Amino acid sequence: MLLFTFLVLTLSACGDPRLSALTPNGTNAEESLYLIKLSAYIMFAIMAVVLLLLFYVIFRFRAKPGDASIPKQVEGSALLEFIWTAIPVVIITFLAVITINMTFSMAQDHSNDPNAVKLEVIAHQYWWEFRYPELGIVTAQDLYIPKGKKIAATLRGDDVIHSFWVPNLTGKMDTNPGYNRDGSLQNVNHFTFDSKSTGIFLGKCAELCGPSHPLMEFKVIALEPEDFDAWVAKMKEPVQVKGSTAVEGEKIFQQNCAACHAVDATDPAKRPGPNLANIGNRLTIAGYLPAETEKEMRESLAKWIAEPNRYKPQNEQATVKTVVMPPFKDKLNQEAMDQLIDFLLEQKQYDPARLHVGTK
Ligand code: CUA
C-alpha cells in the first residue's frame, strides 16, 4: 500500500502528452490501448473477487474463543483444483485470441496498396532517415505524413538495432541492420500505421543502441492530405539563398559539409549524414536541442556544429559506420559559423506552424 501510494504521488503527472500511449491518435495505438485496458480491467476484476473472498473467509471462519477443533480439510479436492485451473485457462485463452488477432491486424503489410504512402525508415546512430521512394524525397528527423492515410513503412538499421516508436500513433518496430551474402538487405521489417488527426507527435528510439540512445528522438507531423501534397511540392523546389552572409555561408557549407549533407530533399546521392532540407523549419536541432525561436535555433545549431560529440555522446566513435560528424569548433571562426548558420536558416521549404497544426 505504501509503495502504491508513493508511486501514485510521484508518477501520476509524469510524461509528455505528445509521447503517451494513453492518448492514442492512430489505429495501432488505439488497438494497443484497448488491449492494455482490457487486460487491466480483467486484472482488477480478479483482484476484487480474490480480495472479497479473502476478507469474507478471514471474518466468517476465524477461530472463535474456546473453539480448538480442526476445520474441515480440503487438500486434494478434485473440484477445487479443476476450478482454479479452468478459470485461468479461460481468461488466458480469451486474452490470447484477442491479442493475436490485433497483433496480426497491426502487422498488415500495405506495401502494395496504391492508396498507402510508402515510407522507408532507416535508423542511424543517432538519427532517423525517412525516404519516400514514390515521391522522390528524403528527409531526416521530421517525418511528415498525411492524416487518415495508411503509411506503409519498411524499416531497417544502418549500424545497430534501433526501434521505431511513436506512442500516440503506433507500437514499436525494430530496425535491424545486416545484409545477405548476395548484398540484399536482411531482416527488413514492414508495418503500417496512420494518424487520425493532424498534429505533432514525438517519436523515440526504443532499443538501447549506445550512449546517445535517449537522445535519438524524432517528430511525426501529421498534416491534412492537401497540406501534405503542398509539403511534397515545396520540398522539391530548390531554395535560392538571398542574404549576402547566407551566400558566404553556402560556400562554407560546400567546403565543409556537402560531402555528407545535402540541402536538397531530392538529392539522389546516398550521403552519410542527415538530409538538411527544410532545416530552417526544424522543430528541434539534432533531435532534441531547442529550436522554437530563431535565437534558440541559432544557439542550438552553433552548439551542435561546434561540438556534436558533447551533445550526443559517443557520436564520434560510432561502432559500425566509418563517417562521423566531426567537431568544427577549431575549424570555423565565429564569423564563418554565423554565415553558415545564416545559410542553414534560409533552408525553409515548408513551415508546419503556418498550417495551424495543433500540438497534441
Ligand atoms: Cu537508436 Cu536507441
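FYI, it's all coordinate maths here, none of it is from the lab. These numbers come from a predicted model, not from an experiment. Quick reminder, even Gly has a Cβ in these numbers, built from the backbone with ideal geometry, and neighbours come from all protein chains shown.
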- Mind ordering 219-227, 107-115, 261-269 by average Cβ neighbours within 10 Å, highest first? 219-227, 261-269, 107-115
- Task: Once you've got the GNM for the chain with C-alpha springs shorter than 10 Å, pick whichever of LEU155, LEU301, LEU135 has the biggest mean-square fluctuation.
- Result: LEU135
- Query: In whole percent, what relative contact order does region 1-160 give with Cα contacts below 8 Å and a gap of six or more residues?
  - Reply: 15
- Query: ASN101 to ILE70: FRET efficiency via 1/(1 + (r/R0)^6), r the Cβ-Cβ distance, R0 45 Å, to the nearest 0.05?
  - Reply: 0.35
- Message: Positive end of the dipole of region 1-137, charges at C-beta (+1 Lys, Arg; -1 Asp, Glu), about the Cα centre: which of LEU35, VAL74, SER20 has its Cα farthest in that direction?
- Response: VAL74
- Output the direction-averaged projected area (hull surface divided by four) of the convex hull of the alpha-carbon atoms of region 132-206, in nm². 5.5
- Note on the structure: Any residue on another chain or 5+ positions along whose placed amide H is under 5 Å from the amide H of LEU143 is listed here as LYS219, VAL220, ILE221
- Note on the structure: By the mean-Cβ-within-10 Å protection proxy, highest first, 272-278, 64-70, 86-92 rank as 272-278, 86-92, 64-70
- Long-range amide H contacts for ALA291: which residues qualify at under 5 Å (H placed 1.01 Å from N, peptide plane, sequence gap of 5 or more or a different chain)? ILE285
- Leaving out same-chain residues fewer than 8 places away, which aspartates and glutamates sit with a Cα under 14 Å from that of LYS236? GLU134, ASP264, ASP267
- Task: Could you size up the charge dipole of the chain around its Cα centre, putting +1 on the beta carbon of Lys and Arg and -1 on that of Asp and Glu, and report it in debye to the nearest 20?
- Result: 920
- Query: Among 247-260, 336-349, 204-217, 49-62, how do they line up from the highest to the lowest mean number of other beta-carbon atoms within 10 Å?
  - Reply: 336-349, 204-217, 247-260, 49-62
- Result: in region 1-155 the number of Lys pairs with C-alpha under 27 Å apart, spaced 8 or more or on different chains, is 7
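What translational diffusion coefficient, to the nearest whole µm²/s, does region 148-272 have by Stokes-Einstein, given a Kirkwood radius computed over alpha-carbon pairs, a temperature of 37 °C and 0.692 mPa s viscosity? Don't skip to the end; give the middle numbers.
On the way: Rh = 17.5 Å.
My calculation gives 187 µm²/s for D.
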- Message: Given an 8 Å cut-off on Cα distances and at least 6 residues of separation, report the relative contact order of the chain as a percent.
- Response: 17
- Query: Which value does Rg/Rh take for the chain over its C-alpha atoms, Rh per Kirkwood?
  - Reply: 1.13
- Message: From zero outward in steps of 5 Å, how is the percent of C-alpha pairs of region 1-73 spread across the bins?
- Response: 3, 11, 10, 13, 16, 12, 9, 7, 6, 5, 4, 3, 1
- So which lysines can LYS312 reach, going by Cα to Cα under 24 Å and dropping same-chain residues fewer than 8 places off? LYS172, LYS204, LYS219, LYS270, LYS295, LYS303, LYS321, LYS329, LYS331
- Hey, can you grab everything whose amide H is under 5 Å from the amide H of VAL263? Only 5+ residues off in sequence or another chain; H modelled, so Pro and N-termini drop out. LEU276
- Message: I need the calculated FRET efficiency for the pair LYS251 and LEU53, taking r as the beta carbon distance and R₀ as 56 Å, to the nearest 0.05.
- Response: 0.10
